[in-house]
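**Student:** My questions all concern the structure below.
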Amino acid sequence: MGRAHNELWLGARGPKARGLSAVLAAKGVSPWSLGGAQLKLWVNPWAARPVELAVPCVGAVTPRDRSIERRGAAESVLSWLNLPADWPGPEQPFDVRD
C-alpha cells in the first residue's frame, strides 16, 4: 500500500508547499509545564530551502517516499534551557492568590 497523496507536502501532482521548509508543533508549552513540553519539527523533504535544525530538545518527523523517518528529542526542554527539574517550583505557581 502506498502513501495517500493528500498531504501538506505531497499532492496528487507530486511535491507541493515547497516554500515552507518545516512546521514546528508544540504540545504542553507554558511557563509552568516546560518539563513535559514536547517539540516536534515536521520537515518538508521537498522544500526549496531545506531546514537544518540541530536543537537537542526538538524531535523531527520527515516523510520519505514510502515511510516516515522519526527522530526523538535527545534531551528535555528543561535540560536544554538549564532549568531545574522542579521548574518553576517548589513554591506555588504564579497565578495562585491567597
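**Student:** Mind checking whether some residue in region 6-15 is crowded, with 16+ Cβ neighbours inside 10 Å and more than 29 Å from L81 (Cβ to Cβ)?
**Tutor:** Yes, region 6-15 contains a residue that is crowded, with 16+ Cβ neighbours inside 10 Å and more than 29 Å from L81 (Cβ to Cβ).
**Student:** Just the residues that are assigned to a loop (DSSP other than H, G, I, E, B), hydrophobic (A, V, I, L, M, F, W, C), at pLDDT 85 or above and under 21 Å from P84 (Cα atoms), please, taken from region 30-69.
**Tutor:** Once the filter is applied, which keeps residues that are assigned to a loop (DSSP other than H, G, I, E, B), hydrophobic (A, V, I, L, M, F, W, C), at pLDDT 85 or above and under 21 Å from P84 (Cα atoms), region 30-69 yields A37, V55, C57.
The values are calculated or read from the model by the stated rules, or taken from the named source; none is laboratory data. Only a predicted model underlies this, so the values are computations on that prediction, with no experimental measurement involved. Cβ atoms come from the backbone with ideal geometry, glycine included; neighbour counts cover every protein chain shown.
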